[in-house]
Structure formats: C-alpha cells, structure tokens
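The values are calculated or read from the model by the stated rules, or taken from the named source; none is laboratory data. In this text the structure is predicted, and so the values were computed from the model without any measurement. Virtual Cβ from ideal backbone geometry, glycine too; neighbours counted across all protein chains shown.
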Amino acid sequence: MEESVSSTTAMSAKEFRICLETLRWTQAELARVVDQDVVRIRRMARGEAVIPEKLGAWLVALTAEVAEVYSRHRPPGV
C-alpha cells in the first residue's frame, strides 16, 4: 500500500479506511473485533464520528505490524 498512516495526530476517516484495507477487514469485522455497533464504526469511516484515540493508535500499530509481515512474506507468483 502506497499511503501511510500518521501516528502523531487524531486519526482521520481516510486513515481509518486505509488501516481497514491494509488489515483486509470490513467495517463489520472491525465492529465485531472491538465489540462496537457497526453503525458507529461506519460513522467513523465516513468522518461522521470521532475515532477514539486508543482505537486509532491500536489500528496504526496493528496495521504497521501487518504491513511489515506482508512485505517480508510476499505471496508466491502463481
């Protein structure tokens, strides 16, 4: 993924969506993982609700770890 996510400011809806894309999670999957209502997660993704700082920081950290794993373990050419 070309775009990066900043860990120094409040997470934007775009950064939120980039994280989900990198993690290959749908908004519904994230809602299940963090035990939140999917409507709330969708509002965050549209920029209609504030993304809690702890959730944003967790997503940034997890996304960085997953991106690193993807870069080290490229899929085989098939």
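So residue 3 clears everything in (1) at pLDDT below 95; (2) assigned to a helix (DSSP H, G or I) except one condition, right? Which one? All conditions are met except number (2). On the basis of being modelled with pLDDT of 95 or more and among the basic types (Lys, Arg), does residue 74 make the cut? So residue 74 does not fit the description; no.
Within the stretch 1-30, residues that are farther than 14 Å from residue 43 by Cβ reach no partner that is modelled with pLDDT under 95 and among the basic types (Lys, Arg) with beta carbons closer than 8 Å at six or more positions or on different chains. Taking the criterion of being free of Cβ contacts under 8 Å to residues at least 24 places away in the same chain, of a type in the set (Val, Ile, Thr) and under 21 Å from residue 9 (Cβ atoms), the only residue of the stretch 35-78 that qualifies is 41.
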